[in-house]
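Worksheet: one structure, shown below.
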Amino acid sequence: MKIDAKLKSQTPAFSFEFFPPKNEEGMRTLFDTVAELKELDPTYVSVTYGAGGSTRRLTVELVERIQRETGIDAMAHLTCVGATREEIGGVLSDLKNAGIQNVLALRGDPPKGQEKFERTEGGFGYANELAQFIRDSHDFCIGGACYPEMHPEAASSDADMDALKRKVDAGASVLITQLFFDPNVYLHFVERCRAAGIDVPIIAGIMPVTNIGQVKRFTAMCGASIPGPLLQRLEQTNGEQGEIRKVGVEHAILQCQKLLEAGAPGLHFYTLNRSKATREILQSLR
């Protein structure tokens with residue numbers, strides 16, 4: 001079923017994001033995680049697309065397998081990186097033939113070793129171009145990414161909002177935010193979106209902190225920030241992993257509670273192919 005249709009009657013939505021594993025052990029871990037999280041009855045799950053389209057085939061195979069074996073609606077990430085219109089059209093046809101109805105249209109990050117994104121000859125340079133192509137050629141629910149604290153490459157917050165509006169106008173009917181840790185950041189962002197004429201559901205992206213170094217790397221890459229009080233609590237753990245995880249989960253629970261109380265239509269958990277922290281958070285919320 002299409003996610004935008006589900007959101008009209010099933011809110012708040014709870015969803016999980018996975019990435020394609022690099023080996024058989026990782027694949028076993030992933031499907032153990034999927035089985036554990038299935039018990040929480042997610043609205044949908046999504047599978048990422050490797051840098052430079054490096055996991056293109058595996059992403060298609062995984063969303064098909066997850067949806068077929070679990071009955072959970074799956075969303076495939078799709079990027080513009082390293083692919084022509086014809087190649088992207090082929091991926092879309094494969095997804096359609098596999099029964100997938102949901103696609104997250106992304107520009108994508110440049111491949112490893114390449115500093116800036118470069119449009120592939122015969123391909124797309126922006127997510128709105130990809131969204132338009134998908135809308136014109138197939139009947140998918142199109143999702144889009146958004147950045148509550150501004151895309152790191154945007155010239156300004158206004159320019160970033162204009163780009164997001166183009167993406168929605170091109171066909172994105174659901175938005176999923178990049179990770180953030182302050183509920184007020186999300187709420188202010190939603191207000192700005194509504195003022196700009198963006199009226200589609202905006203699902204909050206949640207990443208529980210379980211590793212300080214890891215979350216610092218992620219926030220540096222995506223333009224997100226760690227609130228001072230949270231960072232102070234994390235650093236007071238002196239690197240003790242159990243304490244870091246406890247602080248991260250406690251913060252995520254409070255963050256999610258505030259978001260749901262404020263009317264967020266859904267929470268999308270960046271699971272990193274692990275289930276424990278996400279399960280604890282959702283069980284607490286329910």
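The values are calculated or read from the model by the stated rules, or taken from the named source; none is laboratory data. Predicted model only: the values in this text are computed from it and were never measured. We place every Cβ from the backbone using ideal geometry, glycine too, and count neighbours over all the protein chains shown. Ligands, DNA and RNA are stripped out before the accessible areas are found, and what is left, the full protein with its side chains, is counted by its heavy atoms. Shrake-Rupley method; radii C 1.70, N 1.55, O 1.52, S 1.80 Å.
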Applying the selection to the stretch 136-161, what residues are under 20 Å from the mean Cα position of the chain (by Cα) and more than 21 Å from Gly205 (Cα to Cα)?
Phe140
How about the stretch 253-283: which of its residues are farther than 17 Å from Thr11 by Cα, surrounded by fewer than 17 Cβ atoms within 10 Å (Cβ to Cβ) and at pLDDT below 95?
Lys276
Is at least one residue of the stretch 218-236 buried (at least 21 other Cβ atoms within 10 Å of the Cβ) and of a type in the set (Gly, Ala, Ser)?
yes
Counted residues, the stretch 2-29 - those being over 22 Å from Gly266 (Cβ atoms) and either open to solvent by 60 Å² or more (accessible area, probe 1.4 Å) or touching a residue at least 60 places away in the same chain (Cβ under 8 Å) (or both):
8
Of everything in the stretch 234-281 that's under 20 Å from the mean Cα position of the chain (by Cα) and among the hydroxyl-bearing types (Ser, Thr, Tyr), which residue is farthest from Ile202 (Cα to Cα)?
Ser275
When residues of the stretch 191-210 are filtered for being hydrophobic (A, V, I, L, M, F, W, C), within 17 Å of the chain's Cα centre (by Cα) and surrounded by fewer than 21 Cβ atoms within 10 Å (Cβ to Cβ), how many remain?
1
